[in-house]
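Taking it in order: structure first as structure tokens, then the write-up.
The values are calculated or read from the model by the stated rules, or taken from the named source; none is laboratory data. This one's a predicted model, so the numbers in the text were calculated from it and none came from an experiment. Here the Cβ is made from the backbone with ideal geometry for all residues, glycine too, and neighbour counts use every protein chain on show.
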Amino acid sequence: MRRMGITGLRIFIAIQLLTTAMVLFTGILAVEVGSMRLNRVLGADVFYTYAQQVREILGLSRGVQRTSADQPHIPLFEIKKALYEMRVVVLLGGLLACLAGIMLAYTIRRPIAKLMEGARSVAAGNYRALVKLPRQDEFAPLVEAFNRMVDSVNKSQEQLRKVFFAADDAILSTDLEGRLALWGGGCERLFGYPQEEALGKSIQTLLAPGVSPDVIREMERVAGGMGRWEGEIQFSSKEGRVFHGWCVATNLRDEEGKLIGYLNVVRDVTEKKQMELQLIQSEKMASVGELAAGVAHEINNPLSGVLSNAEFLQEEIPEAEAERHEEIREIIKNSERIRVIVRDLLSFSRQKDAETFAPVSVPAVIQASLNLTGHQMELDNIRILREIPEGLPLVDASANKIEQVYINILSNARHALNQKYPGSHQDKILEIRASVVRRDGRPLLRTEFTDHGTGIPKPLLERVIHPFFTTKEQGKGTGLGMSISYNIVRDHGGTLEFDSEDGRYTRVTVELPVEAE
């Protein structure tokens, strides 16, 4: 059984009773003091006092008592002294009553002050601010109710915090100046910034390079007016990874309806975007395949006629007419080149439901890739140096997929060389080398593509294979080529590696497992 203290309501009643008793006692004591004073002046117990009654009870007679006829007159100053002593007694009684009131106020104020302090702590966000009293009293039920309320709020807050930080989407808020005020757990996973580093930053620092801050201003304008904005924004993480985020923004208002900030929920849709673009690319390639098939049919028929007639003319023209023979040979050579280009374009563009692996000659795939891109490189004055030895082993691969990888590499090399050397230059060179190497005891066929173009800065080198990363100007690259190429080579059990020095060169190395004998 808990011991109950004498505070609160009980002490209030006790002090009230004590104060009443003290007032009564003070009045009686004042009359007693005045009467005793006058009796001493008169030398007899003329005025009744409690002290006289006590002496009579104890049998202590003070002396002869005078009758009223024998009583002398009391001097005025003695009466004044008696009244003065009565006032002093009353004043002391009042002071004691005041002290009792102060004690009562202090006793009641302590638990109320603790409750107020706890309420302020909860209002400041400290949901563990429980109130403790030194002993149980009438305030205990109120304090217990307050503590139960705080504990309930704390549990709800903890549950909300777990949900908030466990969300996959990034949940963040900004004030009217665009500074980050709320940073959920999904934000750190998506953007890479810890909470203590992110809070206070401008939301514009999360935008990818090249994205205009007007996007944020438009988002805030619409969300502030209509209440909601959603759309796609390109963001950048702390490590420099650029990704596409679907952002939903709503406004935040206080109790009076005044706009105080914005709440944003960001979801990474990069993978979805990549799948959509790959689907679009597949549909485009399927269309190109159909177009190429039609073009091949339409071109091959007249091309066969051109070749037949050229060969017929070559037989009909006398050997003495060497110049005309040379012209006919040029017609036949270019016609054969057209036939190879059409065949390779048809082979590259053809889509298959399931790519099958087969023994593939890497030099043949390189040649097929150059058949599609080499002419444009010649127009750009790019020299191609090849060091491809004879007798290289075959690789088990999809020829179409590997050709796609090589074409992506050749396209990037051409862009880098043209960017560094817009015209003709002696160093405008692309080197292609092939060799067999061994790694972890197994043979690999290595192909190296080295261009002497602009190069790639070291901080950006590891981001080359990230989806949507590109160093090309706006509209000149999707940022998917190397990402797709990396996945293709990985699916073949090979590796795709990059080495570069900014402003000097870029070397792309493709290694594919040699076909098992």
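Please state which of the following conditions Lys420 fails to meet, knowing it meets all the rest: (1) surrounded by 13 or more Cβ atoms within 10 Å (Cβ to Cβ); (2) farther than 22 Å from Pro359 by Cβ; (3) at pLDDT below 90.
Checking Lys420 against (1) surrounded by 13 or more Cβ atoms within 10 Å (Cβ to Cβ); (2) farther than 22 Å from Pro359 by Cβ; (3) at pLDDT below 90, the one that fails is (3).
Condition first: surrounded by 13 or more Cβ atoms within 10 Å (Cβ to Cβ), touching a Ser or Thr at 6+ places or on another chain (Cβ under 8 Å) and either of a type in the set (S, T, N, Q) or modelled with pLDDT under 90 (or both). Can you find one or more residues in the stretch 246-261 that meet it?
no
Just name the residue that is nearest to Arg442 (Cα to Cα) out of those in the stretch 483-517 that are among the aliphatic types (A, V, I, L, M) and surrounded by 15 or more Cβ atoms within 10 Å (Cβ to Cβ).
Step one: of the stretch 483-517, the residues among the aliphatic types (A, V, I, L, M) are 484, 488-489, 496, 508, 510, 512, 514, 516.
Filter once more, keeping what is surrounded by 15 or more Cβ atoms within 10 Å (Cβ to Cβ): 484, 488-489, 496, 508, 510, 512, 514.
On the way: Ile484: 25, Ile488: 20, Val489: 17, Leu496: 17, Val508: 21, Val510: 15, Leu512: 11, Val514: 8 Å.
Filtering the stretch 483-517 for residues that are among the aliphatic types (A, V, I, L, M) and surrounded by 15 or more Cβ atoms within 10 Å (Cβ to Cβ), the one nearest to Arg442 (Cα to Cα) comes out as Val514.
Return the residue satisfying two criteria in turn: it lies in the stretch 199-225 and is in a helix (DSSP H, G or I) and touching a Lys or Arg at 6+ places or on another chain (Cβ under 9 Å), and of such residues it is surrounded by the most Cβ atoms within 10 Å (Cβ to Cβ).
The qualifying residue surrounded by the most Cβ atoms within 10 Å (Cβ to Cβ) is Ile203.
Do we have any residue at all in the stretch 411-430 that's closer than 20 Å to Asp491 by Cβ and of a type in the set (A, V, I, L, M, F, W, C)?
No, there is no match, as no residue in the stretch 411-430 is closer than 20 Å to Asp491 by Cβ and of a type in the set (A, V, I, L, M, F, W, C).
Can you give me the number of residues within the stretch 339-357 that are under 12 Å from Lys401 (Cα atoms) and either among the hydrophobic types (A, V, I, L, M, F, W, C) or at pLDDT 65 or above (or both)?
Total satisfying the criteria: 4.
Of all residues in the stretch 128-155, count the ones that are modelled with pLDDT of 75 or more, under 43 Å from the mean Cα position of the chain (by Cα) and not hydrophobic (A, V, I, L, M, F, W, C).
7
Scan the stretch 396-410 and tell me whether some residue there is under 43 Å from the mean Cα position of the chain (by Cα) and within 14 Å of Arg507 (Cβ to Cβ).
Yes: the stretch 396-410 contains one or more residues that are under 43 Å from the mean Cα position of the chain (by Cα) and within 14 Å of Arg507 (Cβ to Cβ).
For the stretch 404-414, which residues satisfy the criterion of being at pLDDT 90 or above and not β-branched (Val, Ile, Thr)?
Tyr406, Leu410, Ala413, Arg414
What's the number of the only condition in (1) at pLDDT 85 or above; (2) in a loop (DSSP other than H, G, I, E, B); (3) surrounded by fewer than 17 Cβ atoms within 10 Å (Cβ to Cβ) that Glu196 fails to meet?
Single failed check for Glu196: (2).
Taking the stretch 386-403 as the region of interest, how many residues are touching a Phe, Trp or Tyr at 6+ places or on another chain (Cβ under 7 Å) and surrounded by fewer than 24 Cβ atoms within 10 Å (Cβ to Cβ)?
Residues flagged as touching a Phe, Trp or Tyr at 6+ places or on another chain (Cβ under 7 Å) and surrounded by fewer than 24 Cβ atoms within 10 Å (Cβ to Cβ) within the stretch 386-403 amount to 4.
Take the residues in the stretch 93-127 that are surrounded by 11 or more Cβ atoms within 10 Å (Cβ to Cβ) and assigned to a loop (DSSP other than H, G, I, E, B); name whichever of them is modelled with the highest pLDDT.
Asn126
Can you name the number of the only condition in (1) at pLDDT 90 or above; (2) within 17 Å of Gly494 (Cβ to Cβ); (3) among the basic types (Lys, Arg) that Lys401 fails?
Failed condition: (1).
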